[in-house]
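**Student:** I'd like to ask you about the structure that follows.
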C-alpha cells in the first residue's frame, strides 16, 4: 500500500473517478511488470509469480 500512496495517490490529483481508475491500472501494471523486489530475489512480482507457477507445475 505504501508504494501506491507515495508514488500515485499522494502526488496527483484526479478530476474524475475514471481518471483515477486509469492511473491505478497503469500503476499496477508498472508495479507488477517492472519493479524489482528484493524478497523475490530481484524479480518483478510477475516474474516471481511465473517462476512459482512453473515450480509448482514441475
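The values are calculated or read from the model by the stated rules, or taken from the named source; none is laboratory data. Predicted model only: the values in this text are computed from it and were never measured. All Cβ positions, even for glycine, are placed from backbone atoms using ideal geometry, and neighbour counts span all protein chains on display.
**Student:** Would a scan of the range 10-18 turn up a residue that is touching a helix residue (DSSP H, G or I) at 6+ places or on another chain (Cβ under 8 Å) and without any contact (Cβ under 8 Å) to a residue 24 or more places away in the chain?
**Tutor:** So far as the range 10-18 goes, yes, one or more of its residues are touching a helix residue (DSSP H, G or I) at 6+ places or on another chain (Cβ under 8 Å) and without any contact (Cβ under 8 Å) to a residue 24 or more places away in the chain.
**Student:** Mind checking which residues of the range 33-42 are under 22 Å from residue 8 (Cα atoms) and not in a loop (DSSP other than H, G, I, E, B)?
**Tutor:** Once the filter is applied, which keeps residues that are under 22 Å from residue 8 (Cα atoms) and not in a loop (DSSP other than H, G, I, E, B), the range 33-42 yields 33, 34, 37, 38.
Here is a yes/no grid of residues against (1) at negative phi; (2) within 12 Å of the chain's Cα centre (by Cα); (3) assigned to a helix (DSSP H, G or I); (4) modelled with pLDDT under 90:
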{"residue": "3", "(1), (2), (3), (4)": "yes, yes, yes, yes"}
{"residue": "6", "(1), (2), (3), (4)": "yes, no, yes, no"}
{"residue": "18", "(1), (2), (3), (4)": "yes, no, yes, no"}
{"residue": "21", "(1), (2), (3), (4)": "yes, no, yes, no"}
{"residue": "28", "(1), (2), (3), (4)": "yes, yes, yes, no"}
{"residue": "31", "(1), (2), (3), (4)": "yes, yes, yes, no"}
{"residue": "48", "(1), (2), (3), (4)": "yes, no, yes, no"}
{"residue": "51", "(1), (2), (3), (4)": "yes, no, yes, no"}
{"residue": "54", "(1), (2), (3), (4)": "yes, no, yes, no"}
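**Student:** Could you figure out which of (1) loosely packed, with under 13 Cβ neighbours inside 10 Å; (2) in contact with a strand residue (DSSP E or B) (Cβ under 7 Å, 6 or more places away or on another chain) isn't true of residue 45?
**Tutor:** Against the list (1) loosely packed, with under 13 Cβ neighbours inside 10 Å; (2) in contact with a strand residue (DSSP E or B) (Cβ under 7 Å, 6 or more places away or on another chain), residue 45 comes up short only on (1).
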